[in-house]
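The values are calculated or read from the model by the stated rules, or taken from the named source; none is laboratory data. As the structure is a prediction and not an experimental result, all values here were calculated from the model. Note: ideal-geometry Cβ built from the backbone for every residue, glycine included; neighbour counts use all protein chains shown. When the accessible area is computed, the model is the full protein with side chains, heavy atoms only, and any ligands, DNA or RNA have been set aside. Shrake-Rupley method; radii C 1.70, N 1.55, O 1.52, S 1.80 Å.
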Amino acid sequence: MYGSVVRRKRRIITSKLFFVFGFVFASIGLLTGYLTFGTMTQRYYETQSWQQVPAELHSLNLESSYSDDSTTYTVTAKYSYVVDGVEYINTRVALRDGYDNVGSYWYDLHDDLRSKQAQGKAFAWVDLEHPENAVLDRSFRWSLAIFGTLFVVVFGMFGLAMIWASMLPDKSNSEIISDAKDGIASHEASGHKFIFFFGLMFFVMGSGIAAAALPDALRNGEYGALLCLLYTSDAADDMQ
């Protein structure tokens, strides 16, 4: 009797921990997705009616930030343009602000803008109804969208699975004994399923990251990115 009460209390505590961790994982996935491709997608559609206007680039820089053995990049610029005889100055460069190292977007954008700056053929996308709003490049970054989607799907699925597991009813002792007679105890079966799902999650995530990042990294001579393959192979081993 006392043992069953203790097991029930442990089950309640475990269920609450599963729910909390599941909520955290799901929230991380949704937040990462919103901060990566969510805001970019929103701004992409908001700027569909904007028009290109000749612009003069006054400054242009490719900036980098190094932290935790990773270097991220962004492009900063200051430019001016004229709408209805009024000159405007802006600093918005891309649909998504901030530093990242997903693909070679920032390198390519900097080279393209530098070339246009030298030729005096730069353009800005401008909201003619509100000319103070402008952006130099409104390209949709598919590599960033894939990266963000992976976080939403993988972390979201893992979080929802943990929340679902936290709500499973506890089996009675007789049910556990019955399952054990069939060859495997119920708790062990759940453990194997959880490990398989966990390995599958990281395998999908690792494969997606490798597919999105490796081509550009190898093209730029960053052969250390091949370590992504180790990440993927380790996840595949966990699924065995």
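Here are a few things to note about the model shown:
- Using θ = phi - 60° and Karplus 6.51 cos²θ - 1.76 cosθ + 1.60, couplings along the stretch 89-104 (whole Hz; Gly, Pro as x): 10, 9, 10, 5, 9, 10, 5, 10, 7, x, 9, 6, 10, 7, x, 10
- Accessible area per residue, Å², the stretch 1-146 with all protein chains present, probe 1.4 Å: 62 Å²
- Share, in percent, of DSSP beta bridges within the stretch 1-125 that are antiparallel, nearest 5: 100 percent
- Across the stretch 37-50, rounded Karplus estimates of 3J(HN,Hα) from the backbone phi angles (6.51 cos²θ - 1.76 cosθ + 1.60, θ = phi - 60°) give 8, x, 5, 4, 5, 4, 5, 4, 6, 5, 9, 4, 8, 6 Hz, Gly and Pro being marked x.
- Tensor-based shape of the stretch 15-139 (alpha-carbon gyration tensor, a/c under 1.5 rounded, otherwise prolate or oblate): oblate
- The amide H of N133, built 1.01 Å from its N in the peptide plane, has D127 as neighbours under 5 Å, considering only residues 5 or more places off or on other chains.
- Simple spin-label estimate for T91 and D112 in nanometres, 7 Å along Cα-Cβ: 2.3 nm
- Integer Hz, Karplus 6.51/-1.76/1.60 couplings in order for the stretch 143-158, x for Gly and Pro: 5, 5, 5, 5, 4, x, 4, 4, 5, 4, 5, 5, 5, x, 5, 5
- Across the accessible surface of the stretch 1-107, with the other protein chains kept in place and a 1.4 Å probe, carbon and sulfur atoms take up 57 percent.
- Potential extension, Y99-Y34 segment - 0.36 nm per residue separation minus Cα distance: 21.9 nm
- Distant-in-sequence amide H partners of F123 (H built 1.01 Å from N, under 5 Å): A55
- The stretch 1-98: relative contact order in percent, alpha carbon pairs under 8 Å with at least 6 residues between: 20 percent
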